[in-house]
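To start, the structure under review is shown below, and the notes come after it.
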Amino acid sequence: MKPYSTLGTPIAVIFLIAAFTAIVCAEDTSTYKINKIEPAFLDSPEISASNYRKQVKTKAKWLEVDLSLERVDRDEKSFSGDVVINYYILLNNAKHQTDGKPVLLTGSITLSDIPVGRQLHAAAFVSPQALLKLFGGKIPATLSQAITDLGITITANDQLASIDTLKGTVVGEKGWWDSGADEMTNVTGLVLQKEKTPFANLSWDYYLPAKISP
């Protein structure tokens, strides 16, 4: 039995080293950069069908956040692992809230298999029903009336890879949403990935697809 015990230890160590090396090699070594954050109001899309003609006079407004980003890697043919886009949308709706505080919408969308590129796009949406509820039954006419500021972070390998805001400033790895929590009401669950909206089958080649969450 002794020969087996002396051989077993080094073999186990070799397997552990190999496994650790595989994990390290699997990590995403890419760099990411947020180029532009562009919110917009969009009407609900219409999909025509010969036997279905139900329409309304006024189309509902969706809030879309179009994120322009880039991924750089030494291997130009490589694809990323899971990358998380975190959204922080501060609404200009304090007067519609019983506590007098504006609502901060937060949500995360996971992307995967991102190619190397400098003109990549990711999307997030807020539904008309959510906007109506948050603004007292009437969606603001303009974005400036609806949004105070908007921040986004990109996380890869559980590390901050990029951070930016629409209007505010970033200090190191901190955005305005990391302070003043008592002055805002955080609401989750209302930031939707494109695949869970009527826009799911539109602009497929423009946006990076998100991983489908349950």
remark   = For segment 133-159, pairs from a residue that is touching a residue at least 60 places away in the same chain (Cβ under 8 Å) and at positive phi to a residue that is acidic (D, E) and buried (at least 18 other Cβ atoms within 10 Å of the Cβ), with Cβ under 6 Å and 6 or more apart or across chains, are N157/D28
Matching residues in segment 107-147 - criterion: being surrounded by 19 or more Cβ atoms within 10 Å (Cβ to Cβ) and β-branched (V, I, T) = I109, I114, V126, I147
note = Within segment 63-73, residues in a loop (DSSP other than H, G, I, E, B) and either modelled with pLDDT of 95 or more or aliphatic (A, V, I, L, M) (or both) come out as none
query = Conditions: (1) modelled with pLDDT of 95 or more; (2) surrounded by fewer than 19 Cβ atoms within 10 Å (Cβ to Cβ); (3) farther than 23 Å from G175 by Cβ. E76 meets all but one. Number of the miss?
reply = (1)
request  = Identify the single condition in (1) polar (S, T, N, Q); (2) at pLDDT 95 or above; (3) over 12 Å from the mean Cα position of the chain (by Cα) that N157 does not satisfy, given that it satisfies every other one.
outcome  = (2)
inquiry  = For segment 140-175, give me each residue that is closer than 15 Å to I34 by Cβ and either part of a helix (DSSP H, G or I) or among the hydrophobic types (A, V, I, L, M, F, W, C) (or both).
reply    = L150, I152, I154, A156, L160, A161, I163, L166, V170
key: Index of the failed condition, V103 passing every other in (1) within 28 Å of E70 (Cβ to Cβ); (2) touching a strand residue (DSSP E or B) at 6+ places or on another chain (Cβ under 6 Å)   = (1)
task = Find all pairs meeting these conditions: Cβ atoms under 9 angstrom apart; at least six residues apart or on different chains; first residue within segment 185-214 and over 20 Å from L120 (Cβ atoms); second residue assigned to a loop (DSSP other than H, G, I, E, B) and hydroxyl-bearing (S, T, Y).
result = L190/S127; K196/S213; P198/S44
request  = Check A60 against each of (1) modelled with pLDDT under 95; (2) surrounded by fewer than 15 Cβ atoms within 10 Å (Cβ to Cβ); (3) touching a helix residue (DSSP H, G or I) at 6+ places or on another chain (Cβ under 8 Å) and name the one condition it does not meet.
outcome  = (2)
task = Scan segment 130-139 for residues that are in contact with a strand residue (DSSP E or B) (Cβ under 7 Å, 6 or more places away or on another chain) and outside any loop (DSSP other than H, G, I, E, B) and report the count.
result = 2
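Checking the structure you have, find out if any residue of segment 163-178 is among the acidic types (D, E) and either under 13 Å from L90 (Cβ atoms) or touching a residue at least 40 places away in the same chain (Cβ under 8 Å) (or both). Please lay out each step first, then the result.
Here is the first cut: in segment 163-178, the ones among the acidic types (D, E) are 164, 173, 178.
After this cut, where a residue has to be either under 13 Å from L90 (Cβ atoms) or touching a residue at least 40 places away in the same chain (Cβ under 8 Å) (or both) as well, the list is 164, 178.
Taking every residue of segment 163-178 in turn, at least one turns out to be among the acidic types (D, E) and either under 13 Å from L90 (Cβ atoms) or touching a residue at least 40 places away in the same chain (Cβ under 8 Å) (or both).
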Subset of segment 85-119 [in contact (Cβ under 8 Å) with a residue 40 or more places away in the chain, assigned to a loop (DSSP other than H, G, I, E, B) and more than 21 Å from L131 (Cβ to Cβ)] = S112, I114, V116
task = Test D205 against the criterion of being over 21 Å from L69 (Cα atoms), at pLDDT below 95 and not in a strand (DSSP E or B), and give yes or no.
result = no
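The values are calculated or read from the model by the stated rules, or taken from the named source; none is laboratory data. Values in this document were obtained by computation on a predicted structure and should not be read as measured data. Don't worry about glycine lacking a Cβ; one is built from the backbone with ideal geometry, like all the others, and counts go over all protein chains shown.
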